[in-house]
């Protein structure tokens, strides 16, 4: 735990690189199609960036209460954590989106240990595929959603 110290993005642009599959100002952002406002210096329209999704986005690594170690910054761990993205039977569910082909194995192992120790079910992505980690009933429910072609997370 980082004791509540404030972090900043530094040169990480993982949220803008297309891994989250969002729309920014009418522009689709997808893998291999980063945000058109992303520049080598970060966001070219940062002070005028849209409310949704940009200003409302909460990177799990950036929040002051984040338990993620420094080395798990999205561009270093190859994953973006959406912490407590939704609740399942009253438990917060974390969603880890790959920022690249796959998260670094060390990062995924850390998240699974954290998930088990803190009773926080986890949904994570490897390539195009989604997986669930947590109680068997949670895993079965998420697998069913994926088989039916639904989003793996609950809305």
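Read-outs throughout are calculated quantities, based only on the coordinates presented, and are distinct from any laboratory measurement. Because the structure is predicted, anything quoted here is derived from the model rather than measured. Note: ideal-geometry Cβ built from the backbone for every residue, glycine included; neighbour counts use all protein chains shown.
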Relative contact order %, the chain, counting alpha carbon pairs below 8 Å whose residues are six or more apart: 16
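Calculate how many DSSP beta bridges within the chain are antiparallel, expressed in % of all such bridges and rounded to the nearest 5. Each step should come with its number before you reach the end.
Values: 18 of 21 bridges.
Among the beta bridges of the chain, antiparallel pairing accounts for roughly 85 percent.
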Between region 32-110 and region 117-155, the Cα center-to-center distance that results, in Å: 18
Correct option for semi-axes √(5λ) of the Cα gyration tensor in Å [calculated from the coordinates] among [x] 21, 18, 16; [y] 33, 16, 13; [z] 25, 19, 14: [z]
The chain: calculated mean residue ellipticity at 222 nm from DSSP helix runs of at least 4, using -39500 (n - 2.57): -5500 deg cm²/dmol
Sequence ranges 80-88, 48-56, 104-112, 92-100, ranked by mean other-Cβ count within 10 angstrom, highest first: 92-100, 80-88, 104-112, 48-56
Relative packing of 26-34, 10-18, which averages over residues the other C-beta atoms within 10 Å, highest first: 10-18, 26-34
GNM result for the chain, Cα springs below 10 Å: residue of 47, 65, 115 fluctuating most strongly: 47
